[in-house]
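The values are calculated or read from the model by the stated rules, or taken from the named source; none is laboratory data. All figures in this text were calculated on a predicted structure; none of them were measured in a lab. Ideal geometry is used to build each Cβ from the backbone, glycine not excepted, and the neighbour counts take in all protein chains shown. Just so you know, the surface numbers come from the protein's heavy atoms only, side chains and all, with ligands and any DNA or RNA stripped out. Shrake-Rupley method; radii C 1.70, N 1.55, O 1.52, S 1.80 Å.
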Amino acid sequence: TDEKRALAALWSIRGVGPVTLSALRARHGSLSALLRQPTSRWVPLVDWHGKAREALSALDTLEQGAVQLEAVCREQRVRVLFPGDAGWPEKLDGVADAPPLLFAQGPAFEAPRRRRVAIVGSRSVEESALRYLRGFAKQLAHAGVGVVSGGALGCDQAAHYGALDAGGETWAVLGHALDQVDAPQVKLVNAMRDAGQTLLSQFPPGFRANLNSFV
């Protein structure tokens, strides 16, 4: 719908967050009302963060940004999930600061229903502890439990690899865009993609990790 396309286009602009989206809805009634208006009409009326004003002013309309984002997502085989979609995680609806959409590669929430457990921890861990954690995750996966973590070095990767060892399900919820995988993550992410596993992020294509994105 136009509302979803406008939301995705705005969310893909660095500096646009939930507060800005709420302000735009309060002013215009809906985001779809902005989709085909010249940006020169409404961008100057809003207090933007960072370089959001500059990025939006470079677009003739928000529709142009939506088309650009959709092309990138098609190229990267990324799906955009919105509240109310068949694959949307309903438990997010009760979270006050939940993202308004998610970017996904792999089955995501259309995968078979099963119990899933999140395993996260430090990046700097003794090798013996990582071996234990990998074995524990493997046992969970053998028992049919999905293993969810963040794809980072250390405990996260041990958990993912343990599930992969068992041929089970594992999801990585990344603190950066799906196309911004750091060198230490490449091997794991490629293995997960090859195995048809799920990668999720709230961040749009091109977004690099920073300290705030892991909060």
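To keep it simple, each residue is scored yes or no on (1) open to solvent by 80 Å² or more (accessible area, probe 1.4 Å); (2) of a type in the set (A, V, I, L, M).
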{"site": "96", "(1), (2)": "yes, yes"}
{"site": "99", "(1), (2)": "no, no"}
{"site": "102", "(1), (2)": "no, yes"}
{"site": "112", "(1), (2)": "yes, no"}
Quiz item: Do we have residue 65 as under 30 Å from residue 145 (Cα atoms) and not β-branched (Val, Ile, Thr) here?
Solution: no
Quiz prompt | Residue count for segment 177-196, restricted to those that are over 19 Å from residue 167 (Cα atoms), in contact (Cβ under 8 Å) with a residue 40 or more places away in the chain and either out of contact with any Phe, Trp or Tyr (no Cβ under 8 Å at 6 or more places or on another chain) or of a type in the set (S, T, N, Q) (or both) | solution = 1
Quiz item: What is the residue count in segment 159-171 for residues that are surrounded by fewer than 24 Cβ atoms within 10 Å (Cβ to Cβ) and either assigned to a helix (DSSP H, G or I) or among the aromatic types (Phe, Trp, Tyr) (or both)?
Solution: 3
Exercise. Looking at (1) free of Cβ contacts under 8 Å to residues at least 12 places away in the same chain; (2) closer than 30 Å to residue 17 by Cα; (3) not polar (S, T, N, Q), find the lone condition where residue 113 falls short.
Key: (2)
Practice problem: Collect the residues in segment 114-135 that are open to solvent by less than 90 Å² (accessible area, probe 1.4 Å) and not charged (D, E, K, R), keeping them in residue-number order. | Solution: 117, 118, 119, 121, 122, 125, 128, 129, 130, 133, 135
Practice problem: Determine whether segment 26-41 contains at least one residue that is touching a residue at least 12 places away in the same chain (Cβ under 8 Å) and touching a Pro at 6+ places or on another chain (Cβ under 9 Å). | Solution: no
Exercise. Consider residue 72 carefully, then state whether it is among the aliphatic types (A, V, I, L, M) and open to solvent by 20 Å² or more (accessible area, probe 1.4 Å).
Key: yes
Quiz item: Between residues in segment 128-140 that are free of Cβ contacts under 8 Å to residues at least 60 places away in the same chain and residues that are charged (D, E, K, R) and open to solvent by less than 80 Å² (accessible area, probe 1.4 Å), which pairs lie under 6 Å by C-beta distance while being six or more apart or on different chains?
Solution: 138/165
Practice problem: Could you tell me whether segment 197-215 includes any residue that is aliphatic (A, V, I, L, M), more than 22 Å from residue 7 (Cα to Cα), touching a residue at least 24 places away in the same chain (Cβ under 8 Å) and touching a Leu at 6+ places or on another chain (Cβ under 9 Å)? | Solution: no
Practice problem: Please work out which residue is most open to solvent (accessible area, probe 1.4 Å), limiting yourself to segment 11-69 and to residues that are in a helix (DSSP H, G or I) and charged (D, E, K, R). | Solution: 41
